[in-house]
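The block underneath contains the structure these notes are about, expressed in structure tokens.
The values are calculated or read from the model by the stated rules, or taken from the named source; none is laboratory data. Since the structure is predicted, the reported quantities are computational estimates derived from the model, not experimental observations. We place every Cβ from the backbone using ideal geometry, glycine too, and count neighbours over all the protein chains shown.
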Amino acid sequence: MCGIVGYIGKREAYPILIQGLHRLEYRGYDSAGVALIGSKESKLRVFKAKGKVADLEAVASDKDCTGTLGIAHTRWATHGVPSEKNAHPHISQSGQLTLVHNGIIENYATLRSQLEKRGYTFKSETDTEVLVQLIEYFYTNLENNEQHTVEDAELLVSAVRQALHLVIGAYAICVLDSRHPDQLVAARKSSPMVIGVTEGNEEFFIASDASPIAQYTKQMVYLNDEEIVKCERGHELQLFKLTGEEVGVKIKEVNLDLSMLDKGGYPHFMLKEIFDQPSVLRDCMRGRLVGSKLHDNEWIPEKVVLSAVADHKEALLRARRIIIVSCGTSWHAGLIGKQLIEHFCRIPVEVAYASEFRYSDTVIDKDDVVMAISQSGETADTLAAIEMAREKGALIFGVVNAVGSSIARHTDTGTYIHVGPEIGVASTKAFTGQVTVLTLIALALGKAKGLVEEREYEDVLAELNQIPAKIEKVLQQNNKIARLALKYTYAHNFLYLGRGYNYPVALEGALKLKEISYIHAEGYPAAEMKHGPIALVDSEMPVVFIATHHELYQKIISNMQEVISRKGRILAIVTEGDEQVKNMVDEVVEVPETMACLSPLLTVIPLQLLAYHVAVCKGLNVDQPRNLAKSVTVE
Ligand code: F6R
């Protein structure tokens, strides 16, 4: 949560910072701010606004925004309500230091009262202001030290290091010292931070992820936990551990598809990302589903090639158990992964909420594999869960989207889903990407174990290859779903019901609706309805059934009858050509026929579209729903 951007170089900083904040707005959008230092006279200027980055731009529009050094922030409130006063950057007591922060300082109350005893006063309710005052406290001490052991240009790095030693919690910070307008200092622990470097070290870009940097340079450095970086114009980047020891800088070449970072003509990122699914799933399978060519555009997939599975085959084959740890939508994908892995590999799988798992006393040993699923690769709970599992000796396998993210770097091995940056706060293409990769993993592992019959293997591969084209068919019903959505905006509650592979899809459909339309929705296994939720059903209550032609189809029809007898309004997701359900219920949306194990890749699409259109009909901000942020980097 919260997005940070910093720039030091030869260009005007303000446009770079503002554009960067727009790219990071998915991380938080309740207030924003920018601090700039002019290149001629080093006067600090700070502008802040409650609301979105656009509100900040309005505030700054008639101000002097020149300068080649600056830091900026878009906030997701943790300590203190969203307001101009609590917005970052925060300035130290003397006005010399300015800081932006992403994360939570857990011991901020203790630190604040210690600083107050030393005469510091505070203007905001934030934990961040404590940090900037603490750094200033150490800065002043170092400066006043009669022995003068620290050189002037090193004062900021040293003060940051001393302050961070006292901090308990998570942080990514960027600090600006108005007495040294040739340097920017940044640091991280449990919150992401990337530095972009240009030729000759003329410019440095600092950001919470690579998206604000990618258009300027591909050369990036991902900070590790408890590292501090000093960016100084014309000098090599300097990297220090919290202990003070200088460490080597590892520059990575990062290639981001910049076209993925804009809406590409769609009104919202969420709709674009829903429509991106056929092409990004093709990307996700490219090179992993391999086979031979038939004609020009036709080919037959013959096998799954996943380097992570090949490289760790022994450990994966002897896995006693797989524990999937994840949150939210990624947790729902994990529930589908469990069914896939248990079916194809006969390895027992548990699916845990990372937030619970990290504090649990789960028995784990070196024959367990812990699989972390995460779109952002920065979710604090998931990161902590894998650290806990690593200490107990388990192999850590990542299923991640964001390349180079913290989770990707902290796993022993893994498979990227490669669906491109997901910007809409409600996750869509990441879910189908995760399910696709989990299917590939289950098939590769099941084959390696000799448990998947050749015929079944070939059939599933062939069908998986057809899924993107089948999603295209589902997407053709977008206008119909938009019309349907209009009829449901009145509702205050929704039930989503499914069974087997489609029970997690019911959970996911309900989550999508809750997140962006603010309508209360619950997902349930369809047969569980009669054990409680059926009490909610009346003529006002929309019930969404996922009722495709699979094993439990007739059972689902019985569950529908139970709703119909109580006058509930049913919207059913059915297999193309299904007449039985069509004749029973109020509305149907058809999806092409497919295998049960692949059906979530199709059935989730109308539910994503339904949530999207209900929210649009209600006039809500689909890409930035209230109270949410895309990347949950706090506990
Ligand atoms: C829902 C959503 C969240 C995330 C969850 C985990 O639309 O986006 O529930 O799925 O916060 O995030 P990642 O996958 O980044 O670890």
Legend entry - Qualifying helices (runs of 4 or more DSSP H) (wholly inside the stretch 48-164; at least 2 residues being farther than 21 Å from residue 17 by Cβ): 108-117, 128-144
Legend entry - Residue check, residue 446 away from the ligand (no atom under 12 Å from the Cβ) and either small (Gly, Ala, Ser) or more than 27 Å from residue 321 (Cβ to Cβ) (or both): yes
Inset, instruction - Would you confirm whether any residue within the stretch 352-366 is in contact (Cβ under 8 Å) with a residue 40 or more places away in the chain and within 15 Å of the ligand (Cβ to nearest atom)? - result: yes
Inset, instruction - Name the residue, out of 127, 182, 152, that is more than 18 Å from residue 80 (Cβ to Cβ) and either in contact (Cβ under 8 Å) with a residue 60 or more places away in the chain or surrounded by 21 or more Cβ atoms within 10 Å (Cβ to Cβ) (or both). - result: 182
Inset, instruction - Determine the pairs where a residue that is within 11 Å of the ligand (Cβ to nearest atom), located within the stretch 378-390, has a partner that is of a type in the set (Lys, Arg) with Cβ atoms under 8 Å apart, the partner being 6 or more residues away or on another chain. - result: 381/358; 385/358
Legend entry - Selected residue (only one of 373, 407 is assigned to a helix (DSSP H, G or I) and within 9 Å of the ligand (Cβ to nearest atom)): 407
Legend entry - Single residue of the stretch 391-404 satisfying the filter (outside any loop (DSSP other than H, G, I, E, B) and surrounded by fewer than 23 Cβ atoms within 10 Å (Cβ to Cβ)) that is nearest to the ligand (Cβ to nearest atom): 396
Legend entry - Number of positions in the stretch 303-345 that are surrounded by 14 or more Cβ atoms within 10 Å (Cβ to Cβ) and not in a helix (DSSP H, G or I): 12
Inset, instruction - Tell me the helices (runs of 4 or more DSSP H) entirely within the stretch 496-603 that contain at least 2 residues that are surrounded by 20 or more Cβ atoms within 10 Å (Cβ to Cβ) and touching a strand residue (DSSP E or B) at 6+ places or on another chain (Cβ under 7 Å). - result: 503-517, 553-564
Legend entry - Residue in the stretch 47-58 that is under 23 Å from residue 380 (Cα atoms), at pLDDT below 95 and within 32 Å of the chain's Cα centre (by Cα) present: no
Legend entry - Any chance residue 472 is within 16 Å of the ligand (Cβ to nearest atom), in contact (Cβ under 8 Å) with a residue 12 or more places away in the chain and touching a Pro at 6+ places or on another chain (Cβ under 7 Å): no
Legend entry - Of all residues in the stretch 1-20 being over 15 Å from residue 182 (Cβ atoms) and free of Cβ contacts under 8 Å to residues at least 60 places away in the same chain, the one that is surrounded by the fewest Cβ atoms within 10 Å (Cβ to Cβ): 15
Legend entry - Of all residues in the stretch 418-432 being part of a loop (DSSP other than H, G, I, E, B) and of a type in the set (Gly, Ala, Ser), the one that is farthest from the ligand (Cβ to nearest atom): 420
Inset, instruction - Could you grab the pairs with beta carbons closer than 8 Å, sequence gap of 6+ or different chains, first residue in the stretch 424-438 and not assigned by TED's automatic domain parsing to the domain that holds residue 595, second one crowded, with 24+ Cβ neighbours inside 10 Å and basic (Lys, Arg)? - result: 425/630; 426/512; 428/512
Legend entry - The listed residue being on the phi > 0 side of the Ramachandran plot and out of contact with any Leu (no Cβ under 7 Å at 6 or more places or on another chain), out of 514, 530, 567: 567
